[in-house]
């Protein structure tokens with residue numbers, strides 16, 4: 001099963017926040033597990049992330065989307081230019 005870590009939009013119109021979730025690439029609208037919440041309307045932007053769960057999913061080979069990858073680099077979970085373990089396929 002190929003898994004993706006992506007952001008899922010939630011919130012009211014004109015007041016979005018984003019859930020960071022793990023999904024199956026074959027069923028992109030379903031959610032396997034929620035890893036955190038990102039709110040870019042707060043100043044400064046707010047990121048609440050369950051780092052042990054996130055590290056476990058990255059170790060299992062889940063690939064982050066480009067926007068999530070940027071957040072992980074800012075948080076220190078990934079280094080710039082680094083690829084997750086299963087990205088070498």
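Of all residues in the range 45-89, those that are modelled with pLDDT under 85 and not in a loop (DSSP other than H, G, I, E, B) total 4. Among the conditions (1) part of a loop (DSSP other than H, G, I, E, B); (2) surrounded by 12 or more Cβ atoms within 10 Å (Cβ to Cβ), the only one that residue 37 does not satisfy is (1).
Going residue by residue through the range 5-19, is there one that turns out to be touching a residue at least 12 places away in the same chain (Cβ under 8 Å), part of a loop (DSSP other than H, G, I, E, B) and surrounded by fewer than 14 Cβ atoms within 10 Å (Cβ to Cβ)? Checked the range 5-19: no residue is touching a residue at least 12 places away in the same chain (Cβ under 8 Å), part of a loop (DSSP other than H, G, I, E, B) and surrounded by fewer than 14 Cβ atoms within 10 Å (Cβ to Cβ). Of all the criteria given as (1) buried (at least 17 other Cβ atoms within 10 Å of the Cβ); (2) assigned to a loop (DSSP other than H, G, I, E, B), the one not satisfied by residue 42 is (1).
Residue pairs whose Cβ atoms lie under 9 Å apart, sitting 6 or more positions apart in sequence or on different chains, and linking a residue in the range 70-85 that is closer than 17 Å to residue 6 by Cβ to a partner that is modelled with pLDDT under 65 and in a loop (DSSP other than H, G, I, E, B), are 73/82; 78/84.
On inspection, residue 48 passes the criterion of being over 17 Å from residue 66 (Cβ atoms), surrounded by fewer than 11 Cβ atoms within 10 Å (Cβ to Cβ) and out of contact with any helix residue (DSSP H, G or I) (no Cβ under 9 Å at 6 or more places or on another chain). Taking only pairs six or more apart or across chains, which ones have beta-carbon atoms under 8 Å, a first residue in the range 35-53 that is farther than 18 Å from residue 10 by Cα, and a second residue that is outside any strand (DSSP E or B) and at pLDDT 90 or above? Close Cβ pairs satisfying both conditions: none exist. Within the range 13-44, being out of contact with any strand residue (DSSP E or B) (no Cβ under 8 Å at 6 or more places or on another chain) and farther than 23 Å from residue 2 by Cβ holds for 13, 14, 15, 42, 43, 44.
The values are calculated or read from the model by the stated rules, or taken from the named source; none is laboratory data. Quantities reported herein were computed from a predicted structural model and do not represent experimental measurements. Cβ atoms come from the backbone with ideal geometry, glycine included; neighbour counts cover every protein chain shown.
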